[in-house]
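Visitor: Here it is, the structure in full.
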Amino acid sequence: MSGEHVASVERTLEEERLWFEERVRECETNLFRFAYYLTGNAERAKDLVQEAFLRAFQYRHSFDSRYPFESWISAILLNIYRQHERRDRFLKFFSALWQNKDSEEENEEDFMEQLRCEGEGPETIALRRQVIRDVYKAIGDLPRKMKEVIVLCDIMGYSYEEASEVIGCPIGTVRSRLHRARRYVKKVLEAAYGDELLRLWG
């Protein structure tokens with residue numbers, strides 16, 4: 001039978017649950033990274049991943065085993081993220097009618113590992129870390145559709161084909177959005193650091 005799904009009629013619910021948990025363990029780290037880079041917030045990322053797992057298990061019979069499980073569940077997570085974004089935009093607009101501006105800022109522990117090279121001084125390490133923060137900030141400032149592709153392709157390491165499957169658009173569209181996203185990030189970094197970037201990663 002073509003397009004065999006995750007669960008067959010012979011499987012018990014417990015067998016399906018065990019199978020699902022095993023698949024989840026295999027991709028949990030990457031899925032959290034994906035969620036973190038989309039949200040920029042560790043707690044929101046955890047909640048997003050948990051919601052994606054719950055929804056994926058609910059719709060586990062729709063999984064086609066010819067395709068990677070990680071791509072399938074990443075698409076579910078992305079769809080949930082988009083739904084949250086639409087909801088949050090509405091809530092922000094509504095709350096703005098009742099108050100001036102919410103100035104609350106979240107203090108997030110640095111998610112990235114410190115990049116060290118042999119013999120580097122503290123100033124170089126600090127500057128390198130700041131550049132990486134600025135890269136993530138620039139990505140966060142991108143329009144949603146461009147942010148999605150640069151996170152998938154450049155941070156998560158997805159191929160154009162895999163990103164196309166997750167996002168649900170043609171490969172040509174993925175390439176176009178990625179090109180524009182990279183160009184924007186490069187422009188931001190060059191304006192901020194100039195030739196200093198070559199010294200850091202040359």
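Visitor: In segment 118-159, which residue that is surrounded by 15 or more Cβ atoms within 10 Å (Cβ to Cβ) and not in a helix (DSSP H, G or I) is modelled with the lowest pLDDT?
Guide: Looking at the filtered set, the residue picked out is Met156.
Visitor: Return the pair list, or none, for Cβ contacts closer than 7 Å from residues in segment 171-193 that are within 14 Å of Lys145 (Cβ to Cβ) to residues that are hydroxyl-bearing (Ser, Thr, Tyr), at least 6 apart or on different chains.
Guide: Val174/Tyr160; Val174/Ser164; Arg175/Tyr160
Visitor: In segment 152-170, which residues are without any contact (Cβ under 8 Å) to a residue 60 or more places away in the chain and of a type in the set (A, V, I, L, M, F, W, C)?
Guide: Matches in segment 152-170: Cys153, Ala163, Cys169.
Visitor: Just to be sure before I move on: is Val49 over 17 Å from Ile155 (Cβ atoms), at pLDDT 90 or above, surrounded by 15 or more Cβ atoms within 10 Å (Cβ to Cβ) and not assigned by TED's automatic domain parsing to the domain that holds Ala138 in the structure I sent?
Guide: The answer is no for Val49.
Visitor: Considering segment 57-83 alone, what residues qualify as being free of Cβ contacts under 8 Å to residues at least 40 places away in the same chain and of a type in the set (Ser, Thr, Tyr)?
Guide: The one that is free of Cβ contacts under 8 Å to residues at least 40 places away in the same chain and of a type in the set (Ser, Thr, Tyr): Tyr59.
Visitor: Answer yes if at least one residue in segment 64-86 is at pLDDT below 70 and either of a type outside the set (Ser, Thr, Tyr) or not assigned by TED's automatic domain parsing to the domain that holds Ile139 (or both), and no otherwise.
Guide: Yes.
The values are calculated or read from the model by the stated rules, or taken from the named source; none is laboratory data. What you see is a predicted model; the values in this text were computed from it and never measured. FYI the Cβ positions are ideal-geometry reconstructions off the backbone, even for glycines, and counts take in every protein chain you see.
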